[in-house]
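Since the structure comes first, as structure tokens, the remarks are kept for the end.
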Amino acid sequence: MIRYTLAASCIALALAANANATPVDEELEALKARIEQLESQQQKESEPLVVEEKKKDNAVKFGGAVRVNYSYEDFDDDNADRGGDFDFDVFRIDVSGSYEDLSYSAQYRWFEYMNVIQHAWIGYNFTEQQQGKVGVTQVPFGILTYASNSYFFSSNFYLGLEDDYDMGLNYTYTGDKNRLDLAFYKNDEQGGLDGYVSDRTDRYAYDVVGIRLAGEDAYAAPTDGYEAAELNTFNARYAHNFAFNDVAVELGASVQAGQLEIANGTDGDNVAAAIHGVVNYDRWNVKLQMTDYKYDVDGMDVERIVVAAYHFYDSIPAEATTYIANVAYSLPVDIGPISNLTFYNDYSVVTDKSADLDDTFMNVTGMAITAGGLYTYVDFVVGKNQPFIGGTMVGDGDTNKRFNINFGYYF
């Protein structure tokens, strides 16, 4: 339409120019340029409107690891006769990401004997200092992330008091010098007593699965009617950081209280508390923690509790006090692909057990080797009444030894 209107104007102008005998070459050239300008404008107006948007943070990260393990165990005659065993340990996949103030993270692990979720949660950042999470999250208790340096954790791990994961809600406030964690866990990561799982022993972290009756073997499944699960557990943890010249110190306290759901309808409960300290000086790191816990069941004098993880049942004392004392030294090196060596000694003891059960101790002297994505633990373990070192927390066994090398490639 614009073209026809302007063309008619040009014709009229030309006729008028002829009639008046006036030169109009400049006017015609100007009108031609105007036609081209209007056509270009009309074409742009007919194109879809493009609005520049601010790029949103929507990062997704994938990772994982594969680990293999060599062990020589003096408490296993067959293993010792073979000169130790070299086995596949675990393959895992990690996924994490964020979108604006939302974040998420999950990890799934495949072992030779089980497949498990280690964690899986969705989080929301209320502010730069405050975050909430829902899902299978790490229980905020004691030294985080680990109260240990070695592949074997501390004895607290086998009591369900280190690197434990359950299903619930978390709130974390992180300040410049302090951190507060509050959490509520409805049940364990398998959905509690009536969770839809095929095997209650297939889990990454130790949880209560029953009440151990008098005379039962430490590794037996719980008796019918005495299956149990953790329920409605509250956690609170506070840590404060201090700086003294070149020394950094974290001091903290944790409390945990919850119920036990027992298949026969009996009520139970549990409580645990811990104080801890972490000291960093130059390349040195020291971890100290004292923990006390107790399980009660109405109408029963309970001495042992059934726990489960890693495809088997085990037993722990119904109450005990634990102590952890670890020291580590990190040494940067340049040895081929090796960039760092961390030397450590982890010591833990479980004492003051119910029914005067014998103490548990475990000492791990080791070295962690960092070489790119390859991370290797070399551990020499001495333990008594310690799971995975030929014993159980409720046993009366010998002092055993284990030499272990765990190779892991992380990608």
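The values are calculated or read from the model by the stated rules, or taken from the named source; none is laboratory data. These numbers were taken from a predicted model, which means no experiment stands behind them. Neighbour counts run over all protein chains shown; Cβ positions are idealised from the backbone, glycine included. Surface accessibility is based on the protein's heavy atoms, side chains included, excluding ligands, DNA and RNA. Shrake-Rupley method; radii C 1.70, N 1.55, O 1.52, S 1.80 Å.
Relative to the longest principal axis of the C-alpha atoms of the chain, give the angle of the C-alpha long axis of helix 2-20, reported between 0 and 90° and rounded to the nearest 10°.
20
Ignoring ligands, DNA and RNA, how do LEU161, LEU251 rank by accessible area with a 1.4 Å probe, largest first? Please report the intermediate quantities before stating the final value.
Numbers: LEU161 15, LEU251 90 Å².
Ranking LEU161, LEU251 by accessible area, largest first, yields LEU251, LEU161.
Arrange the peptides 76-83, 357-364, 111-118 so that the one whose residues have, on average, the most other Cβ atoms within 10 Å appears first. Numbers along the way, then the final one.
Numbers: 76-83: 11.0, 357-364: 21.4, 111-118: 15.1.
Final packing ranking: 357-364, 111-118, 76-83.
Once the dipole of the chain is set up with Lys and Arg at +1 and Asp and Glu at -1 on Cβ about the Cα centre, which of PHE411, ALA220, PHE157 lies farthest towards its positive end?
PHE411
Please report, as a whole percent, how much of the solvent-accessible surface of region 81-182 comes from carbon and sulfur atoms (probe radius 1.4 Å).
Exposed carbon and sulfur together represent 54 percent of the surface.
Which value at 222 nm does the chain reach when only helices count, each DSSP H run of 4 or more adding -39,500 (n - 2.57), with the total divided by all residues and rounded to the nearest 500 deg cm²/dmol?
Computed mean residue ellipticity for the chain: -3500 deg cm²/dmol.
What angle, in degrees between 0 and 90 and rounded to the nearest 10, separates the Cα long axis of helix 25-46 from the longest principal axis of the Cα atoms of the chain?
Compared with the principal axis, the helix lies near 30 degrees.
Excluding ligands and nucleic acids, what accessible area in Å² is computed for ILE122 using a 1.4 Å probe, to the nearest 10?
Surface open to solvent at ILE122 totals about 100 Å².
Tally Lys and Arg at +1 and Asp and Glu at -1 over the other residues with C-beta under 10 Å from the C-beta of VAL271: what net charge comes out?
After counting each charged neighbour, the total is -3.
How would TRP284, TRP110, TRP121 rank on accessible area, largest to smallest, probe 1.4 Å?
Result of the area sort, largest leading: TRP284, TRP110, TRP121.
Karplus couplings for region 140-154 from phi (6.51 cos²θ - 1.76 cosθ + 1.60, θ = phi - 60°), rounded to Hz, Gly and Pro as x?
Residue by residue, region 140-154 yields x, 8, x, 5, 10, 7, 10, 8, 6, 10, 8, 5, 8, 6, 10 Hz.
Taking amide H positions as placed 1.01 Å from N in the peptide plane, with prolines and chain starts having none, which residues 5 or more places from LEU374, or on another chain, fall under 5 Å of its amide H?
Residues meeting the amide H criterion: TYR410.
Determine the distance separating the Cα centre of region 345-380 from the Cα centre of region 67-115; give it in Å without decimals.
Using only Cα atoms, the two centres lie 17 Å from each other.
Using the Karplus curve 6.51 cos²θ - 1.76 cosθ + 1.60 with θ = phi - 60°, what ³J(HN,Hα) values do you get for each residue of region 374-382, in whole Hz, with x for Gly and Pro?
For region 374-382, the Karplus-derived couplings read 8, 10, 10, 9, 10, 10, 10, 10, 10 Hz, x marking Gly and Pro.
Determine the per residue accessible area of region 226-300 with all protein chains present and a 1.4 angstrom probe, expressed in square angstrom.
52
Quick one: order GLU230, GLU303, GLU162, GLU128 from most to least accessible surface, probe 1.4 Å. Spell out each step's value before the answer.
On the way: GLU230 30, GLU303 85, GLU162 5, GLU128 190 Å².
Listed by decreasing accessible area, they come as GLU128, GLU303, GLU230, GLU162.
Once phi is turned into θ = phi - 60°, what whole-Hz ³J(HN,Hα) does the Karplus curve with 6.51, -1.76 and 1.60 give for every residue of region 108-125, x standing for Gly and Pro?
Karplus values, whole Hz, x for Gly and Pro: 10, 10, 10, 9, 5, 10, 6, 10, 9, 8, 8, 7, 6, 8, 10, x, 9, 8.
So for the chain, considering every pair of alpha-carbon atoms, how many percent are separated by more than 35 Å?
Of all Cα-Cα pairs in the chain, 40 percent lie more than 35 Å apart.
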